[in-house]
Amino acid sequence: MSVAGDRTFAQLEARTNQLARALRRAGLQAGDSVAIALSNRPEYAEIVHACLRTGLRYTPVNQQLTEDEVVYIVNDCEARAVVGDAHAAATLAGVAKASPHVDCLLSVGGSIAGFSSYEDSLDAEDDTLIDDPVLGSRMLYTSGTTGRPKGVVRPPSYSTGLTALTTAPKYAAGTGQRNLCTGPLYHGGPHGYGMTVPLANGVGIVLMERWDAATALTLIEQHHITHTHMVPTMFHRLLRLPALLRSSADVTSLQYVLHGAAPCPVETKRAIIDWFGPIVWEYFAATEGAGASCSSEEWLARPGTVGR
């Protein structure tokens, strides 16, 4: 049991239906927007799937941003609902006051001034399958390295078509595969390849509340993790662990390691492949649309280069 709790697929299904009805009861209709300002916790998956089931457009928001930055994204994405984490209660209370167009405010994990209880809202609704599902979509925001963050909208059926993200994972529901989500869900990579894509393929996920290299190795062994998404900084920190800890860690369950977000130094990539095996895939770009991918075998065939 994690600090934030666990969900079976049946529980995820039931709570998704409850939230879908709660959002509709609050007046949201297909095409409306929902902002999600949560830490890594099971409710994140419920909100995403409720939006995808009711034609809503959802936007993940880093709840650790300043109040002004969160207000900007909430207003820019035209959110009519905000689901927030009580860990950021002070910031989100200010967001509620500065976003008069938001009709539905739900608090997860505790109370937030001006917000209703997420759990109470779900408890009031039926958990059976809604009879009129409408496909929703997502709107991620760039990091804002050049001015304000920019929202990126994709068609609901968008696919990169890249091997690293499509056929390479070899997802197989019912075979015991599990995916370790190592990064915050407000980032495109962890959000897609650490949560939504595995779940869509019937593969369970383990959410890390925050990154820690030693904890990641423990979770891989404890849950027999088969799939994960990382970034080069995580590789660096894994490789800096004491040699005895690294050598004693059982990572033989791993079948697929995907990474992106930044260029990976040659020596780091080679060390990770030597450790994990030729199961490492690299991609570039995610929020706007992935543009290239490379497998371990392709990378090893070009010694002295970084897979691009």
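Considering region 50-125, the qualifying strands (runs of 3 or more DSSP E), each wholly inside and each with 2 or more residues that are among the small types (Gly, Ala, Ser), run over 79-85. In region 54-91, the residue that is most open to solvent (accessible area, probe 1.4 Å) out of those that are under 22 Å from LEU135 (Cβ atoms) and not hydrophobic (A, V, I, L, M, F, W, C) is GLU78.
The one condition from (1) within 30 Å of VAL153 (Cα to Cα); (2) in contact with a strand residue (DSSP E or B) (Cβ under 9 Å, 6 or more places away or on another chain); (3) in contact (Cβ under 8 Å) with a residue 24 or more places away in the chain that ILE220 does not meet is (1). Restricted to region 159-241, the set of strands (runs of 3 or more DSSP E) holding at least 1 residues that are of a type in the set (A, V, I, L, M) and closer than 17 Å to VAL280 by Cβ comprises 178-181, 227-230. The residue of region 3-18 that is most open to solvent (accessible area, probe 1.4 Å), among those that are among the aliphatic types (A, V, I, L, M) and modelled with pLDDT under 95, is VAL3. Taken over region 8-36, residues that are in a strand (DSSP E or B) and among the small types (Gly, Ala, Ser) amount to 2. On the stretch given as region 267-308, residues that are aromatic (Phe, Trp, Tyr), modelled with pLDDT of 80 or more, surrounded by fewer than 18 Cβ atoms within 10 Å (Cβ to Cβ) and within 25 Å of the chain's Cα centre (by Cα) total 0. Of the listed requirements (1) surrounded by fewer than 24 Cβ atoms within 10 Å (Cβ to Cβ); (2) touching a Pro at 6+ places or on another chain (Cβ under 9 Å), ALA37 misses just one: (1).
Of all residues in region 143-156, those satisfying the criterion of being open to solvent by 70 Å² or more (accessible area, probe 1.4 Å) and either in contact (Cβ under 8 Å) with a residue 60 or more places away in the chain or not basic (Lys, Arg) (or both) are SER143, THR145, THR146, ARG148, VAL153, PRO155, PRO156. Based on this model, can you work out whether VAL82 counts as more than 27 Å from TRP211 (Cα to Cα) and in contact with a strand residue (DSSP E or B) (Cβ under 6 Å, 6 or more places away or on another chain)? Here the answer is no, as VAL82 does not meet what is asked. In region 65-78 there is no residue matching the filter, namely being under 19 Å from THR16 (Cβ atoms), modelled with pLDDT of 95 or more and out of contact with any Pro (no Cβ under 6 Å at 6 or more places or on another chain). The sole residue among LEU165, LEU105, LEU140 that is at pLDDT 95 or above and buried (at least 17 other Cβ atoms within 10 Å of the Cβ) is LEU105. Among the residues examined, GLU209 does not qualify as surrounded by fewer than 22 Cβ atoms within 10 Å (Cβ to Cβ) and either aliphatic (A, V, I, L, M) or modelled with pLDDT of 95 or more (or both).
In the set (1) modelled with pLDDT of 90 or more; (2) in contact with a Phe, Trp or Tyr (Cβ under 8 Å, 6 or more places away or on another chain); (3) open to solvent by less than 20 Å² (accessible area, probe 1.4 Å), CYS264 fails one condition alone, (1).
Summed over region 117-142, residues that are touching a residue at least 12 places away in the same chain (Cβ under 8 Å), over 19 Å from GLU43 (Cβ atoms) and of a type outside the set (A, V, I, L, M, F, W, C) total 5.
Quick check on ASN40: is it in contact with a Cys (Cβ under 8 Å, 6 or more places away or on another chain) and either free of Cβ contacts under 8 Å to residues at least 40 places away in the same chain or part of a loop (DSSP other than H, G, I, E, B) (or both)? The answer is yes for ASN40.
The values are calculated or read from the model by the stated rules, or taken from the named source; none is laboratory data. As the structure is a prediction and not an experimental result, all values here were calculated from the model. Cβ: placed from backbone, ideal geometry, glycine included. Neighbour counts: every protein chain shown. Surface accessibility is based on the protein's heavy atoms, side chains included, excluding ligands, DNA and RNA. Shrake-Rupley method; radii C 1.70, N 1.55, O 1.52, S 1.80 Å.
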